[in-house]
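Visitor: Structure below; questions to follow.
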Amino acid sequence: MTRFLVSLLLISLLVACDPQVEDTPERPNILFIMADDHAYQAISAYSDHLIKTPNIDRIAQEGIRFTNACVTNSICAPSRAVILTGKHSHINGKIDNYFPFDTTQITFPQILRNHGYQTAMFGKLHFGNNPKGFDQFMILPGQGKYYNPDFITKDSGTVHIEGYVTDIITDLTLDWLKNDRIEDKPFLLMYLHKAPHREWLPPKRHYTSFLQKTFPEPATLFDDYRGRGSAAKEAEMNILTYMNWAGDSKIPPQVMDELGIAETANWDKNAFIHEVGRQTPDQRADWDEAYNPMIEKFKKKYPNMTAHELMQWRYQRYMQDYLGCIAAVDDGVGRVLDYLDETGLKQNTIVVYTSDQGFYLGEHGWFDKRFIYNESFKTPLLIRWPNVITPHTTNTQMVQNLDFAQTFLEAAGITPPADMQGQSLMPLLKGQTQDFRDAVYYHYYEYPSVHMVKRHYAIVNEDYKLVHFYYDIDEWELYDRKKDTLELNNVYDDPAYANVIKDLKEKLTHLRKQYKDSPELDQKYIDMYNTLKK
Ligand code: SGN
Ligand code: CA
């Protein structure tokens, strides 16, 4: 008996001294849910003027809602690289969708896995290479497809799965939770939707109800871009002039020909052929049944429509499909939350809902993202963590996607690497809101490229946004965020703001230094971009 007790004591001492053995029951699971291009304007926890998202809202009701969460670089793959590395784009090197992601870098999933977490990723990554640090993954190649998509698997090459992408990613996630999860290990599960990315193709169950709805127009749908610099004017994101007729508005190529409508981009018709055209004959029959009445109505109206009416029609068409995609994401989130709730996993699981960036839903007449203006700079962020986060909390701090890595590591009791550049959100989750950062740094690079949004870097605080557009222009913009919430008036040349500008420029220089960005790096990335094969 005594020998038995001595051995037991020795074993417990060994376990206590071994840094590798960290499976204390408190280590939380992490379910990271991210959609692609999901605007906060389309989540009813933020505003219900467009859609009700009862399941996504559950996370806010039972947890915390951040109203000033933002990204460091508003575009897909760079945002994901910032999230995984906890470093700004100029440091992690994935400055745009073209540059390769350097997989020799340490990411937070790798660190969690090294500390005993079981890790899995399902859905869209968009890096062009496979994720490291995952026990299991199934990811879409590149942007992926909405209907009958292919998936790259960890061990069995590429597989083709019939069905609707959002539902498939949800099924894969649930299947992993039910069948592959190791009970005595904490997990990191990344559940990454492709929806609602362009070309906005909803599932059959949401075709008809959304096609019959009319949505309120944003105040700036007919923005003429006066009062700002040339970047807003020259961007190719206006719904009336730059949205594809076939690919986006779903007017089939032969109907475009019948009506004499020219392609917007030279891939306009192909976007339709490669997306709607992927459906099986049965799926296509359902699509035709739902969409043909809309197409027939448009054929009659089109010859007499003014530009104003066309803009209104195109905006409604855009919202019908975009929001139909969101409804499916919300269904999926509901299924996964139900599973956590039913199994009791909920209690020790941090659930995060966010998007890789925000998106324009007709504000400034636009679709897409990239700009530092609010709708694409800000991103939704909702977090639930029972017993840690007080339900129904709202937080207004300027948190960023840069902060996730350090937050998750700290939640798991791991000291983050010293070169990560974010700030753990743990104090905010625990309700201690003082002394978070007072300004954020932003830098967008992908230009010249699709949508033609010029390169810019900026400092944003609660009151102001100071932006420098560079490369083929040298223009500054200043927005008074409290007085000009729609961001229509660049006050950079207004003498009343001279002192504000002086102060913000100093702070911007300081931020660039602090985050190790510089004019030399700007030039280096321009040179690299110009030699890159795109
Ligand atoms: C595609 C889209 C663009 C979008 C980029 C980047 N066109 O090129 O509208 O800005 O992806 O999106 S599409 O009609 O071909 O889809 S991102 O989310 O991957 O950054
Ligand atoms: Ca995106």
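Visitor: Along the charge dipole of the chain, Cβ charges K/R +1 and D/E -1, which of L429, A262, P380 sits furthest on the positive end?
Guide: Positive-end residue among those listed: L429.
Visitor: So how far, in whole Å, is the C-alpha centre of segment 338-379 from the one of segment 25-56?
Guide: If we compute the Cα centre of each part, the gap is 5 Å.
Visitor: On to the next question. What residues from segment 213-252 fall in the zone where the backbone N is under 15 Å from a label point 7 Å along the Cα-to-C-beta line of R284?
Guide: Residues passing the 15 Å test: 252.
Visitor: Please compute the per residue accessible area over segment 211-318 with all protein chains in place, 1.4 Å probe, rounded to a whole number of Å².
Guide: 49 Å²
Visitor: Based solely on its DSSP helices, what 222 nm [θ] is calculated for the chain when runs of n ≥ 4 H residues each add -39,500 (n - 2.57) and the sum is averaged over all residues, nearest 500 deg cm²/dmol?
Guide: -10500 deg cm²/dmol
Visitor: Here is a follow-up. Using a simple spin-label model with points 7 Å from Cα along the Cα→Cβ vector, what separation in nm is obtained for K502 and H308?
Guide: 4.7 nm
Visitor: Going by average Cβ density within 10 Å per residue, which order do the peptides 357-367, 511-521 take, highest to lowest? Could you put the intermediate results ahead of the total?
Guide: On the way: 357-367: 25.5, 511-521: 13.6.
So the order, starting with the most tightly packed, is 357-367, 511-521.
Visitor: In the chain, what percentage of the DSSP-assigned beta bridges are antiparallel, given to the nearest 5?
Guide: Bridges in the chain are about 55 percent antiparallel.
Visitor: How would you classify the chain from its alpha-carbon gyration tensor, with a ≥ b ≥ c the square roots of the eigenvalues: rounded for a/c under 1.5, else prolate if a/b is greater than b/c, otherwise oblate?
Guide: Oblate shape, in that a/c is at least 1.5 and b/c is the bigger or equal ratio.
Visitor: Same structure, new question: Cα axis of helix 519-531 to longest principal axis of the chain: angle in degrees, 0 to 90, nearest 10?
Guide: The angle comes out near 70 degrees.
Visitor: In a shell of Cβ-Cβ distance under 13 Å around Q421, excluding Q421 itself, what net charge do Lys and Arg (+1) and Asp and Glu (-1) give? Display every interim value, and only then the final one.
Guide: Details: positive: K87, R437, R512, K513, K516; negative: D403, D419, D517.
For residues surrounding Q421, the net value is +2.
Visitor: Okay, moving on. May I ask you to order 136-145, 87-96 by the average number of other C-beta atoms within 10 Å around their residues, highest value first?
Guide: For the peptides 136-145, 87-96, the packing ranking is 87-96, 136-145.
Visitor: Please work out the FRET efficiency for the pair Q212 and T531, using the Cβ-Cβ distance as r and a Förster radius of 51 Å; give the result to the nearest 0.05.
Guide: 0.50
Visitor: May I ask for the distance between the Cα centers of segment 475-522 and segment 383-403, given as a whole number of Å?
Guide: Using only Cα atoms, the two centres lie 28 Å from each other.
Visitor: Counting only protein chains, not ligands or nucleic acids, how are E217, E183 ordered by accessible area (probe 1.4 Å), most first? Could you put the intermediate results ahead of the total?
Guide: On the way: E217 80, E183 155 Å².
If we order E217, E183 from most to least accessible, we get E183, E217.
Visitor: Mind ordering 195-202, 78-85, 422-429, 490-497 by average Cβ neighbours within 10 Å, highest first?
Guide: By packing density, highest mean first, the sequence is 78-85, 195-202, 422-429, 490-497.
Visitor: For segment 456-533, report the accessible area per residue in Å² (1.4 Å probe, heavy atoms, rounded to an integer).
Guide: 57 Å²
Visitor: Something else: Given a 1.4 Å probe and every protein chain left where it sits, what share in percent of the accessible area of segment 462-534 is carbon and sulfur?
Guide: 53 percent
Visitor: So how tilted is helix 498-514 from the main axis of the chain? Cα-based, degrees 0 to 90, rounded to 10.
Guide: Long axis of 498-514 versus the principal axis of the chain: about 50 degrees.
Visitor: Over segment 456-533, calculate the relative contact order: mean separation of alpha carbon pairs under 8 Å at least 6 apart, over the residue count, as a percent. Walk me through the numbers before you get to the answer.
Guide: Working: 69 pairs, mean separation 15.4, N = 78.
Dividing the mean separation by the residue count of segment 456-533 yields 20 percent.
The values are calculated or read from the model by the stated rules, or taken from the named source; none is laboratory data. Fair warning: this is a prediction, and the values are worked out from it, not measured in the lab. FYI the Cβ positions are ideal-geometry reconstructions off the backbone, even for glycines, and counts take in every protein chain you see. With ligands, DNA and RNA removed, areas are computed over all heavy atoms of the protein, side chains included. Shrake-Rupley method; radii C 1.70, N 1.55, O 1.52, S 1.80 Å.
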